[in-house]
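Report on the following structure.
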Amino acid sequence: VQLQASGGGLVQAGGSLRLSCVVSGRAFSTYGMGWFRQAPGKEREFVAAISWSGDNSYYADSVKGRFTISRDNAKNTVYLLMNSLKPEDTAVYYCARARYTIVVVTTEEYDYWGQGTQLTVSS
């Protein structure tokens, strides 16, 4: 299983960006997916997660109402739409595949990780 994240870049505060993560390998549609981020000098933190069907999702309080996670099982792809971006959103963003079908939020509950994509939000 391989995960390839893309879509990061430099954006001004208040702007929007959409991250994508393509998953190769079997059974993408039977696992939950998540996005995490890691800023310099900080631990990796949970951002958003979605269940295998896409019917359930969960967000960190810091991004709730601004970010939307979605998935297209036909394309083996999970997305993170980020609106109203803030400088504090600056980080490397990682997609990950959960060990389960449901929404999970800790790093230990994910077994495959992408390489990360950098988001920088300027003030």
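Odds and ends about this structure:
- For the chain, the solvent-accessible area with a 1.4 angstrom probe is 51 square angstrom per residue.
- Projecting label points 7 angstrom from Cα along Cα→Cβ for T120 and D72 puts them 2.9 nm apart.
- Here is the P(r) of the stretch 81-123: all C-alpha pair distances, binned every 5 Å from 0, give 5, 20, 22, 17, 19, 12, 4, 1 in whole percents.
- The relative contact order of the chain comes to 37 percent, based on Cα pairs under 8 Å that sit 6 or more residues apart.
- A Gaussian network model of the chain, with springs between Cα atoms under 10 Å, assigns the largest mean-square fluctuation among G25, G34, G15 to G25.
- The chain - share of DSSP beta bridges that are antiparallel (%, nearest 5): 90 percent
- Per-residue surface analysis assigns T106 an accessible area of about 60 Å², computed on protein heavy atoms at 1.4 Å probe radius.
- Sparsely packed GluC sites (Glu not before Pro) within the stretch 28-123, loop by DSSP, other Cβ within 10 Å at most 13: E43
- Percent of alpha-carbon pairs separated by more than 22 Å within the chain: 25 percent
- Candidate lysines - alpha carbon under 27 Å from K42, same-chain residues fewer than 8 apart omitted: K64, K86
- The 1.4 Å probe gives accessible areas that order R44, R71, largest first, as R44, R71.
The values are calculated or read from the model by the stated rules, or taken from the named source; none is laboratory data. Just so we're clear, the structure is a prediction, and the values are computed from it rather than from any experiment. All Cβ positions, even for glycine, are placed from backbone atoms using ideal geometry, and neighbour counts span all protein chains on display. Areas reflect the complete protein model, heavy atoms only, side chains present, ligands, DNA and RNA absent. Shrake-Rupley method; radii C 1.70, N 1.55, O 1.52, S 1.80 Å.
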